[in-house]
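The values are calculated or read from the model by the stated rules, or taken from the named source; none is laboratory data. Since this is a predicted model, take the numbers as computed values, not measurements. A quick note on method: Cβ atoms are made from the backbone with ideal geometry, for glycine too, and the neighbour counts reach across all protein chains shown. Side chains are part of the model used for accessible areas, which takes the heavy atoms of the whole protein and leaves out ligands, DNA and RNA. Shrake-Rupley method; radii C 1.70, N 1.55, O 1.52, S 1.80 Å.
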Protein chains: 2
Amino acid sequence: MLIRPKAGILDPQGIAVERALPALGFSGVSHVHVGRLVELELDDPSQLEEMCRTLLANPLIEDYEIVRDLPA
Amino acid sequence: MLIRPKAGILDPQGIAVERALPALGFSGVSHVHVGRLVELELDDPSQLEEMCRTLLANPLIEDYEIVRDLPA
């Protein structure tokens, strides 16, 4: 699943990357967001939603998206 | 882009999640890997590969994959 900082919530990692890239000579970069990627194999996919809410994402500040069979 | 711990490299976050889930009542979970998700908008996509190598991923211990127009 893909876990992203919610829109409007401070994303310090994203800000850090956005500032660092021009210093390394990369230009034209915007809207940088850094989130998490959690991959797992699961016998019972119906548990996934609750798993995200209780352990993997912090629903106060993060949105999560469940993607099945993400490109290897 | 999706950044994952390389196969064979210790993934302490993945191990922590894999241990914590059964304690929360979730069973049948395996092969948990925790990586990072970096999203950005870029004028010149040809820079992306080098950007990953120099700043975003640690190529010694991580693999990265560039995905264009990831869902949502």
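Some notes on this structure:
- Residue ID - nearest to the other protein chains (Cβ to nearest Cβ), chosen from residues in the stretch B:22-66 that are of a type in the set (V, I, T) and open to solvent by 40 Å² or more (accessible area, probe 1.4 Å): B:T54
- Pair list, Cβ < 6 Å and 6+ apart or interchain, from the stretch A:29-49 residues that are among the polar types (S, T, N, Q) to residues that are open to solvent by 60 Å² or more (accessible area, probe 1.4 Å): A:S30/B:E41
- Scanning the stretch B:1-21 for residues that are open to solvent by 80 Å² or more (accessible area, probe 1.4 Å) and either in contact with a helix residue (DSSP H, G or I) (Cβ under 8 Å, 6 or more places away or on another chain) or not in a helix (DSSP H, G or I) (or both) gives B:A7, B:G8, B:L10.
- Pairing each residue of the stretch A:61-72 that is at pLDDT 75 or above with any residue that is open to solvent by less than 80 Å² (accessible area, probe 1.4 Å) and of a type in the set (K, R), provided the two are 6+ apart or on different chains, yields C-beta distances under 7 Å for A:I61/A:K6; A:E62/A:R4; A:E62/A:K6; A:D63/A:R4; A:D63/A:K6.
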